[in-house]
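The values are calculated or read from the model by the stated rules, or taken from the named source; none is laboratory data. Please read these numbers as outputs of a predicted model, since none were measured by experiment. All Cβ positions, glycine included, derive from the backbone under ideal geometry; neighbour counts span all protein chains shown.
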Amino acid sequence: MKCTKCGSHAVLQLRRHNAAFCAPDFIDFFRRQVGEAVRRHRMFTREEPLLVAVSGGKDSLGLWDVLLQEGYATTGLYLDLGIFDYSKESRAKCEAFAARRGAPLLIVSVAEEVGAAIPEVQAATRRPTCSACGLSKRYLMNKAALEQGFGVVATGHNLDDEAATLFGSVLHWQTEPLARQSPALPSTHPKLVRRVKPLYRLSERETAAYAFLRKIDYIVEECPFAKGATSLMHKEILNRLEDVSPGAKHNFLFGFLEKGRPAFERAADVALNECARCGQVTTGTLCAFCKLADQVKRAR
Amino acid sequence: MTVRVILRNPRREVEVAGRRRVRDLLKDLDILPETVLVIRGDEMITADTVVGDEDVIELRPVISGGRA
């Protein structure tokens with residue numbers, strides 16, 4: 001197979017774009033897609049300090065690599081979830097990545113902030129593991145950004161992540177998440193920083209290919225708690241669809257963002273308060289994170 | 001003539017007899033092309049590449065996530 005751009009030997013075929021690329025042209029394509037995402041949604045400017053949430057995986061380290069290459073003022077944020085060897089290894093990958101590039105890396109321990117590491121949190125709550133973990137991550141990302149003076153956090157969510165989240169929300173017609181799902185979530189309260197997803201135009205296979213071609217040492221192993229997660233099942237269904245209809249995932253997500261989301265957004269009207277205990281933003285009296293921390297405390 | 005295929009999560013190996021295109025190898029192993037990078041040596045290879053002749057192929061999964 002030949003590269004669509006230069007005619008040399010291709011290393012990756014992208015059926016949804018009806019294209020194939022050699023390594024240098026794929027890396028160029030990837031960076032342009034990130035640039036397009038940043039421009040289209042006015043995610044951040046070159047002047048503004050940017051916090052990049054990194055997990056040690058291909059998406060977040062790939063994202064950090066692109067942003068560093070493009071000269072953005074980035075600081076990494078690693079949340080240590082305390083998930084046995086998986087967390088030890090992923091933390092080491094982030095530290096090595098940052099050290100090699102001379103980039104600053106903040107580390108926040110979930111155990112110190114919640115009162116217990118994720119495995120114990122899981123045992124204390126009836127929420128699915130990934131749900132309690134996701135809640136904690138969103139809360140701690142926002143808190144770290146506020147404390148360190150960042151106005152925006154970038155995460156490594158890719159097209160497959162976003163399409164799977166959308167699929168899950170549609171299956172249950174969850175109108176609130178449908179109103180909120182976006183590549184760029186603006187700050188709707190002084191204590192909420194902006195959240196942006198510069199990889200939303202790129203599939204999971206493309207982010208893996210970028211990480212491989214850039215020789216980024218990332219953790220290939222999966223989180224031990226992810227096994228059987230609903231989102232993985234949704235991803236598989238979408239990939240079966242993609243196999244027979246290239247571009248299906250792209251059309252599903254991009255069609256929603258363009259035509260579906262505005263309707264849900266108009267219907268949603270949520271009042272934001274500050275949590276009575278910690279002062280972070282919530283729709284209730286006590287925020288979900290403080291409730292989770294209470295559950296952990298009671299279970300001890 | 002065989003192809004040695006390395007799969008991950010969990011790491012395991014299978015041997016597949018005969019020469020064939022990557023596209024057909026994935027089909028035989030019931031693996032969706034969207035879910036893996038196909039790596040031979042230190043290079044990624046496309047679906048039309050013919051493998052065989054004692055090749056060692058890594059099928060590196062690209063799907064990650066949790067978020068129930």
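Results, tabulated for the structure shown:
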read-out	value
Residue count, the range B:17-45 (criterion: touching a Leu at 6+ places or on another chain (Cβ under 7 Å) and within 21 Å of residue A:24 (Cα to Cα))	3
In the range B:1-11, the residues that are loosely packed, with under 15 Cβ neighbours inside 10 Å and within 23 Å of residue A:240 (Cβ to Cβ)	B:8, B:9, B:10
Of all residues in the range A:169-192 being touching a Ser or Thr at 6+ places or on another chain (Cβ under 9 Å) and buried (at least 17 other Cβ atoms within 10 Å of the Cβ), the one that is farthest from residue A:152 (Cα to Cα)	A:169
Conditions (1) crowded, with 17+ Cβ neighbours inside 10 Å; (2) within 14 Å of chain B (Cβ to nearest Cβ); (3) over 21 Å from the mean Cα position of the chain (by Cα); number of the one not met by residue A:229	(3)
Members of the range A:189-206 found to be within 14 Å of another protein chain (Cβ to nearest Cβ) and either more than 17 Å from the chain's Cα centre (by Cα) or among the basic types (Lys, Arg) (or both), listed by number	A:197, A:205
Tally, over the range B:37-59, of residues that are outside any loop (DSSP other than H, G, I, E, B) and either within 13 Å of residue B:16 (Cβ to Cβ) or hydrophobic (A, V, I, L, M, F, W, C) (or both)	9
Qualifying residue in the range A:198-205 (condition: buried (at least 20 other Cβ atoms within 10 Å of the Cβ), outside any helix (DSSP H, G or I), of a type in the set (Phe, Trp, Tyr) and modelled with pLDDT of 95 or more)	yes
Search result, residues across the range A:125-136 that are under 20 Å from residue A:228 (Cα atoms) and touching a helix residue (DSSP H, G or I) at 6+ places or on another chain (Cβ under 9 Å)	A:125, A:126, A:127, A:128, A:129, A:130, A:132, A:133, A:135
Odd one out for residue B:38, checked against (1) within 10 Å of the chain's Cα centre (by Cα); (2) surrounded by fewer than 20 Cβ atoms within 10 Å (Cβ to Cβ); (3) within 11 Å of chain A (Cβ to nearest Cβ)	(2)
Residue match in the range A:222-234 (condition: touching an Asp or Glu at 6+ places or on another chain (Cβ under 8 Å), under 19 Å from residue A:57 (Cβ atoms) and among the aliphatic types (A, V, I, L, M))	no
Residue check for residue B:26: within 11 Å of another protein chain (Cβ to nearest Cβ), free of Cβ contacts under 8 Å to residues at least 40 places away in the same chain and assigned to a helix (DSSP H, G or I)	yes
Selection count, the range B:4-14, where residues are within 11 Å of the chain's Cα centre (by Cα) and more than 10 Å from chain A (Cβ to nearest Cβ)	6
Residue check for residue A:234: within 18 Å of the chain's Cα centre (by Cα), within 14 Å of chain B (Cβ to nearest Cβ) and either surrounded by fewer than 18 Cβ atoms within 10 Å (Cβ to Cβ) or at positive phi (or both)	no
Where a residue in the range A:207-223 is within 10 Å of chain B (Cβ to nearest Cβ) and its partner, wherever it lies, is assigned to a helix (DSSP H, G or I) and hydroxyl-bearing (Ser, Thr, Tyr), with Cβ under 7 Å and at least six apart	A:219/A:90; A:221/A:86; A:223/A:86
Members of the range A:123-161 that are within 12 Å of chain B (Cβ to nearest Cβ), in a helix (DSSP H, G or I), more than 24 Å from residue A:191 (Cβ to Cβ) and not polar (S, T, N, Q)	A:130, A:159, A:160, A:161
Residue tally, condition on the phi < 0 side of the Ramachandran plot and either among the basic types (Lys, Arg) or more than 7 Å from chain A (Cβ to nearest Cβ) (or both), over the range B:46-67	10
Subset of the range A:166-203 (residues that are touching a Phe, Trp or Tyr at 6+ places or on another chain (Cβ under 9 Å), farther than 18 Å from residue A:52 by Cβ and among the hydrophobic types (A, V, I, L, M, F, W, C))	A:166, A:167, A:170, A:178, A:179
